[in-house]
Structures are given as structure tokens and as C-alpha cells.
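Reading through the C-alpha cells given below for one structure.
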There are 2 protein chains.
Amino acid sequence: MSVESLARRLSAISAHLDTNTMSRPKVVIARHLGPDVMPLFNRPDLDVVTWHSETEACSRKWLLENICGAAGVLVMLGDGKVDAEFLDTAGPNLRVVSTMSVGYEHINLKELAQRNVKLGYTPDVLTDAVADVSIMLALMAGRNARETTTIWPNCPWSPFQFCGPQLSANWIHQTRTAGFIGFGRIAQATLARLIPFGFTHCLYSGNPGSAPNTARDAELARTHKLQSVRRVTLDELARGSDVVFVLAPSSPDTRHIVNEGFLKQMKKTAVLVNTARGTLVDSDALAKALREGWLWGAGIDVVEGEPNVTTEHPLVKEPRCAVLPHIGSATTETRLGMATMAAKNLIAGVLDGEMPAELNLIREVLR
Amino acid sequence: MSVESLARRLSAISAHLDTNTMSRPKVVIARHLGPDVMPLFNRPDLDVVTWHSETEACSRKWLLENICGAAGVLVMLGDGKVDAEFLDTAGPNLRVVSTMSVGYEHINLKELAQRNVKLGYTPDVLTDAVADVSIMLALMAGRNARETTTIWPNCPWSPFQFCGPQLSANWIHQTRTAGFIGFGRIAQATLARLIPFGFTHCLYSGNPGSAPNTARDAELARTHKLQSVRRVTLDELARGSDVVFVLAPSSPDTRHIVNEGFLKQMKKTAVLVNTARGTLVDSDALAKALREGWLWGAGIDVVEGEPNVTTEHPLVKEPRCAVLPHIGSATTETRLGMATMAAKNLIAGVLDGEMPAELNLIREVLR
């Protein structure tokens with residue numbers, strides 16, 4: 001253990017004693033959450049420490065200095081890892097970590113569970129916003145939205161110029177198949193949006209450890225008047241889908257789940273949409289696939305290597321790949337909902353109230 | 001009448017005599033329609049003259065020289081006007097004009113009707129493709145798709161960055177209202193696509209000369225489980241809509257139907273989508289409205305002044321306006337369908353068969 005680390009532990013213990021004396025738990029907000037949400041923390045029973053900026057992330061140094069003795073910490077996806085160092089530095093007062101995100105790959109769940117620290121996250125509230133962007137990217141990928149707007153208006157109209165495959169059912173293709181890698185809330189909300197486009201079939205791949213849910217699938221098919229909803233292998237999904245949506249969580253198991261082998265099996269007229277996490281798609285393989293025409297186009301809201309992405313990233317350079325800057329949940333309403341939920345998770349977790357959305361850590365760690 | 005014009009008439013009359021002698025009607029195709037469609041014209045009963053290029057429009061000179069004595073002419077929207085000069089030059093043999101478009105503002109219907117020349121066009125086949133792009137632009141306009149992709153990745157993630165209004169229903173806005181200027185096939189296909197986004201109300205403005213269709217509206221509301229479908233004034237439409245779709249035909253009556261007065265009444269969080277014709281929207285007024293925040297954003301597939309658009313166009317310059325190069329119907333399937341239908345309209349019109357889609361000229365002229 002280094003001297004710095006020892007000093008931090010000491011500071012944590014003395015802060016712990018202070019806090020107990022004052023009986024006013026300290027909470028650390030690692031990002032300013034703006035004028036609509038911050039007033040939630042104006043309460044006499046909390047000692048609130050807030051990083052000053054909404055647009056700039058706090059440094060690791062600031063974070064470790066300030067979380068000593070904290071009972072709760074609110075973090076963002078991009079604000080660094082919640083790991084053993086973080087938790088040791090915070091010390092034994094820590095009761096809750098609240099993340100303003102539905103994903104929690106930046107958080108070491110096992111370390112949290114071992115210390116009996118709760119985790120709050122923000123599911124559901126962002127489902128519709130991300131499903132909206134999934135549809136937008138499926139359309140942008142098929143219609144070459146990036147390429148056309150780049151070369152136009154230096155290019156006059158002609159009958160077959162800029163033509164791409166049609167997302168909706170048409171006189172040539174009367175059936176349409178959507179494929180989902182991961183079939184949770186966002187995937188199902190995306191599927192619902194595809195129905196009036198004339199989609200007739202749904203394929204999905206699930207967590208290999210989980211049992212198929214044929215009753216749910218039959219019910220989905222009935223509700224949406226689909227000819228079929230089927231859990232299939234990744235190979236069958238790649239071969240059968242007109243559009244593939246990547247909507248699985250990020251984990252070592254899902255890293256590069258879309259790789260050369262997958263992309264080579266896709267229809268030449270199909271498109272790939274990634275609104276989950278950049279790590280699920282092998283960027284070099286997708287760039288090669290787009291250049292060589294293994295599939296028609298791609299639309300991605302997430303890029304491998306985030307948040308350190310430059311214009312030299314193979315997918316950012318690729319004209320047949322529409323790239324958005326991780327704005328899946330970026331609507332005013334949804335981000336306000338996420339920030340509010342993260343704040344309420346933090347406050348309830350610290351004050352022993354019921355958290356609006358607490359992750360079941362034991363189930364996740366044992367999975 | 002000029003000497004040139006006299007010479008053309010003479011040429012038309014002699015071509016008429018020739019054609020009658022040979023009894024093989026001449027058809028002129030003003031654009032090459034590609035390897036999938038051109039074989040439709042490989043038939044012994046037609047004398048086919050084709051402009052050589054798919055990507056480049058023929059000149060007016062080539063067109064007038066070649067249509068002399070033609071029984072049918074196939075044209076595109078951007079290939080110049082079908083007016084008295086065109087029809088006089090073609091001469092009395094002309095039986096049909098076939099346009100590969102659903103719009104016919106480039107064609108003088110009255111002059112056609114007076115000469116008893118039929119008009120073929122391509123409705124229905126492009127409805128779904130244009131509805132797809134209407135949804136894509138509604139999403140792109142709300143999510144700042146143009147602005148975000150322009151400034152990123154030189155701009156890190158933060159909780160409220162890039163946020164726009166959410167298209168789908170959400171915890172803050174549980175009702176969503178779509179407004180349609182023009183409520184024909186494409187508008188209704190667009191409305192259907194909005195239902196799983198949680199839309200609850202539909203407003204539309206119709207041709208002032210036509211009677212309201214309350215039975216149809218009640219049926220639409222019932223089918224889509226909407227709380228209301230109502231024909232309203234333009235003012236009410238502007239004030240009440242979360243997204244306004246411009247989907248009326250181009251005519252002197254609809255020119256600049258979206259003007260300063262309309263835009264000033266829109267919600268500050270609403271978006272405007274134009275997938276009809278550029279002339280329906282006052283470009284300067286929309287650019288001003290976007291700069292001054294009268295509405296949130298716009299997405300347009302059509303630009304006033306097409307096909308002569310430069311990067312200096314006020315809307316092409318405007319970061320809050322997503323601009324596409326008139327690709328509403330540009331899917332491989334739909335453009336093939338349109339070209340095939342235009343070819344079949346031409347052949348049937350010339351050979352006295354039943355045209356797949358003939359415009360009722362008398363009804364349109366009397367409207």
C-alpha cells in the first residue's frame with residue numbers, strides 16, 4: 001500500500017468519524033446535473049459535494065479526494081471506473097453508488113456486493129428514446145444518409161442515384177425480418193416501431209445461459225401480428241435478417257459478438273444498427289465489410305474506444321457508416337428523467353428509503 | 001411563329017405521315033432507365049428513341065428535335081416542362097405523356113386535356129418509401145442529427161449535451177400530436193408509422209375545395225387507437241402539432257403555405273418535415289425561424305429551387321435543418337417500380353391498352 005493510499009484511508013476513517021458525529025451523510029455528485037435536477041439535493045439532512053461542471057468530467061484525483069467518507073456517490077458512464085480503489089477510498093460509510101445510465105460495465109459489481117454497497121441505475125426511462133434512435137439509424141443506414149448529404153448538392157438528380165434497400169415492405173420484398181442481438185426492453189420497443197413498416201418476422205439471440213421464453217414469443221407474435229418470433233443462433237440471425245439491431249449489454253461474453261464471421265453471413269442488402277455499446281462490434285471487421293459490400297450499410301450510436309474517439313477511427317472514416325455521438329438517450333425529457341432517477345436512487349440509498357431502480361447485485365454477480 | 005417553330009411543325013407533320021405509313025408508333029424515352037427496365041421496350045411494334053444517359057438529363061433541344069411525330073413520351077420531373085411548345089412540337093400523333101413521378105407540376109394539364117393527350121404517372125408505388133423518409137427526417141430533426149455529426153467527435157459526452165425533444169411519448173409528454181399539411185396516401189402511411197411511437201392525436205389540413213370526410217377520420221382513429229383525427233385550419237395545425245409533415249401537392253395555391261405566419265405559431269419544441277416539394281415552404285422564413293428558435297428543427301428532402309441548389313441555399317446552410325437530396329422515393333425497389341410503371345403507362349397509352357395509372361385530367365383541370 002502506498003503512502004498516498006494510506007493517507008486516503010486515514011482521511012476516509014476520520015471523515016467517517018466526523019460524519020457519525022454530525023450524523024449528516026455526505027454524498028458526492030461527480031457531475032453537475034443542471035438547474036432542473038440539482039435542487040433535489042437542497043436538503044438539510046445531506047452534506048452535498050458537487051463537481052462544478054455539467055460539460056466537463058471531474059478528474060480521478062478530484063473524485064478520490066472527495067469520496068472519502070461518502071455515504072453515496074453519483075457517477076456517469078464516462079467518469080471512470082468504480083473499482084476496489086474507488087470503494088476502498090470511499091471507505092466503510094459507503095452505502096450506495098448511483099449511475100446515471102442503464103449500463104453498468106464501468107462498475108465492479110462483485111466489489112460492490114462484497115462491501116454490501118447498493119447500486120442504483122436508470123432502466124426503462126430511456127427505452128423509448130433509444131428505440132427511436134435505433135429506427136432512425138436503420139433508416140439512415142439504408143438510405144445512405146451520410147454519403148448522400150456529403151456529396152450533394154454537387155451531384156444532380158437521376159432515377160437510380162442514391163438508391164438503397166427499402167426498410168419497409170414493398171412490391172418486390174413482401175416479408176421483412178428484424179434481427180436482434182439481445183432482446184430486452186429496448187429491442188422489444190424497437191420491434192414494435194417496425195410493425196407499421198410491414199415487418200413480418202423477428203429473430204433474436206439471447207443470453208446462452210437463459211431459458212427460451214416461447215410463451216412470451218408467441219404472445220409477441222400475436223400482439224404484433226407477426227408470422228414468427230424466434231430465438232435462433234447468431235449464424236441464423238445473420239443470414240435471415242434484413243436489419244440487425246445490436247442491443248445486448250457490454251460484457252466479456254459479448255465483446256466483438258459482431259465479427260467477420262457474422263458480417264460475412266449477412267445479406268448484401270441488410271443493414272446493421274448498434275445502439276448498445278461499441279465493444280460489441282469489431283470495428284475493423286465492420287469497416288472492411290462495408291468497403292467490400294458484405295452488407296449494405298451501418299448506423300451506429302456507439303463507437304469502440306469511447307469516449308476517446310477521433311476522426312481517424314475506422315468507422316468514423318467510413319462513408320457507408322452513419323455515426324452518432326452516443327445520443328441514444330439524449331432527449332431533454334429522457335436525460336431529465338435519468339438524472340432525476342439517479343438523484344432519487346442516491347438519496348433513497350443513503351437515507352434508507354426505497355430506491356426507484358436498484359440493481360439486484362447478487363443475481364448479477366452469480367449470473 | 002418563328003421560322004424555327006414553323007420548321008418543327010413541318011417536321012412533326014411529315015413524321016406523322018411517315019409514322020402512319022409505317023404504322024409503328026414512335027416513343028421517346030427522355031432518360032435511360034437502366035438494364036432492368038429498358039428491355040420492356042424491346043418490342044417489334046414500337047419505334048423507340050432513347051436518350052443515352054441515366055445520370056445526365058437530355059437537353060431541351062434534343063427533346064424537341066426527337067419528339068416530333070412521337071405517339072408517346074416518357075419524362076422525369078427534372079427534365080423540363082411539358083407545355084404548349086412541347087406538345088405542338090410533338091404534333092397530332094401524341095397520345096400519351098408518361099412521367100416517372102407522382103407529382104405533375106412540370107406538366108400543363110390543361111394543354112394536355114385540350115389535345116386529348118393522356119397522362120400516366122406513378123402513384124402508390126412510392127408511398128411507403130416516402131413515408132419511411134418522413135419518419136427518418138422527423139427523428140433527425142429532433143435529434144439534431146446534422147449538427148451533432150458535424151461538431152463531433154471534437155466534443156466530449158455530457159449529460160444534457162445534444163439533447164432535443166423526444167419524438168415518442170414520454171414521462172413528461174404523454175400525448176403526441178402529428179400535423180399533416182395534405183392528408184393523402186403518404187400522409188396516412190406516415191401516420192401509421194407514428195402509432196408505436198405513442199402518438200395520440202392527428203390534425204390535418206385539406207384542400208379547401210374538398211368536403212371533410214368525418215367517417216374516414218373516425219375509422220382512422222378507431223384503427224390506430226388515436227384519441228382524435230381532425231381536419232383543422234392551418235393556424236390550429238401549427239399551434240397544436242409536435243411534428244408537422246408537409247405532404248401536399250405543389251400548386252400555386254400551396255406555394256409558401258408554410259410561411260412566417262405559420263412558423264411563428266409552432267411550438268418551440270416542434271419539428272417540421274418537408275418530403276413534398278420545396279415550393280411549399282418559404283425557405284427564408286424557415287431559415288429565420290430556425291435561427292431564432294421559433295421551432296426546434298427541420299428535416300427536408302426537397303429544396304425550393306431544385307434542381308439548381310447550391311451550398312449557399314439558406315436551408316442548406318442552416319445547421320438545424322437536415323437536408324436530403326430528394327431521395328424520398330430513392331430505394332432500389334421503389335425506383336424500379338416507378339420506372340416499370342412509367343414504361344408500362346407509356347406502352348399501354350400508345351397501344352391502346354389499359355394504363356396502370358392514368359391521371360383523370362378532366363377532374364384535375366376542373367378542380
Accessible surface, the protein assembly as shown, averaged per residue in Å² (probe 1.4 Å): 41
Copy-to-copy label separations for residue A:55, where each label sits 7 Å from Cα toward Cβ, in nm and ascending: 4.2
log10 of Debye I(q)/I(0), alpha-carbon scatterers only, for the protein assembly as shown at 0.05, 0.08 Å⁻¹: -0.30, -0.70
For residue B:39, inter-copy label distances in nm, listed shortest first [label point 7 Å out on the Cα-Cβ vector]: 7.1
Descending principal axes extents, the range B:57-177, alpha-carbon based, whole Å: 69, 35, 19
Over 19 Å (Cα to Cα) - which of A:110/A:344; B:225/B:264; A:61/A:81; A:268/A:288 fall in this group: A:110/A:344; B:225/B:264
10 Å-binned pair-distance histogram of the range B:226-367 (Cα, whole percent): 11, 32, 29, 20, 7, 1
Of A:208, A:156, A:307, the one that fluctuates the most in a GNM where chain A has Cα springs shorter than 10 Å: A:156
P(r), alpha carbons of the range A:81-136 - 5 Å bins starting at zero, rounded %: 4, 18, 26, 18, 11, 8, 8, 5, 2, 0
Hull shadow area, averaged, the range B:102-234 [alpha-carbon convex hull, nm²]: 11.9
Cut-off under 5 Å, modelled amide H: who pairs with residue A:230 long-range: A:202, A:203, A:204
Listed residues B:283, B:59, B:241, most fluctuating in chain B (Gaussian network, C-alpha, under 10 Å): B:59
Point-charge dipole on Cβ atoms (K/R +1, D/E -1) for the range A:127-323, about Cα centre, debye to 20: 560
Shortest-first distances to equivalent copies, position residue B:288, nm, label 7 Å out along Cβ: 5.6
Of all accessible heavy-atom area on the range B:127-323, the percent that carbon and sulfur account for (1.4 Å): 53
Inter-label distance, nm, simple model (7 Å from Cα along the C-beta direction), residue A:151/residue A:218: 5.1
Rounded FRET efficiency, nearest 0.05, which uses the C-beta distance separating residue B:235 from residue A:114 and R0 of 41 Å: 0.05
Cut-off 11 Å between beta-carbons: net charge of the residues surrounding residue B:330, Lys and Arg +1, Asp and Glu -1: -1
Cα gyration tensor of chain A - equivalent ellipsoid semi-axes, whole Å, descending: 43, 22, 19
Contact surface B-A: accessible area buried, both sides summed, square angstrom, 1.4 angstrom probe: 5600
CD proxy at 222 nm, helix term only [per DSSP H run n ≥ 4: -39500 (n - 2.57); per residue of the protein assembly as shown; nearest 500]: -10500 deg cm²/dmol
Most mobile listed residue (B:211, B:57, B:30) in chain B, GNM with C-alpha springs under 10 Å: B:211
Overall Cα dimensions of the range A:127-323, principal axis frame, Å, largest first: 53, 42, 30
Between 0 and 90°, nearest 10: helix B:185-194 axis offset from chain B longest Cα axis: 30
Nearest-0.05 FRET efficiency for residue B:49 and residue A:365, computed from C-beta distance (R0 56 Å): 0.15
Contact order normalised by residue count of chain B, Cα under 8 Å, 6+ apart, percent: 18
Relative compactness, the range B:300-352, computed as alpha-carbon Rg over 2.2 N^0.38 Å: 1.65
Area accessible to solvent at residue A:358, 1.4 Å probe radius, in Å²: 100
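The values are calculated or read from the model by the stated rules, or taken from the named source; none is laboratory data. Bear in mind that the values here come from a model prediction, so they are computed numbers and not experimental data. So basically every Cβ, Gly included, is an ideal-geometry build from the backbone, and we count neighbours across all protein chains shown. SASA here: full protein model, heavy atoms, side chains in, ligands and nucleic acids out. Shrake-Rupley method; radii C 1.70, N 1.55, O 1.52, S 1.80 Å.
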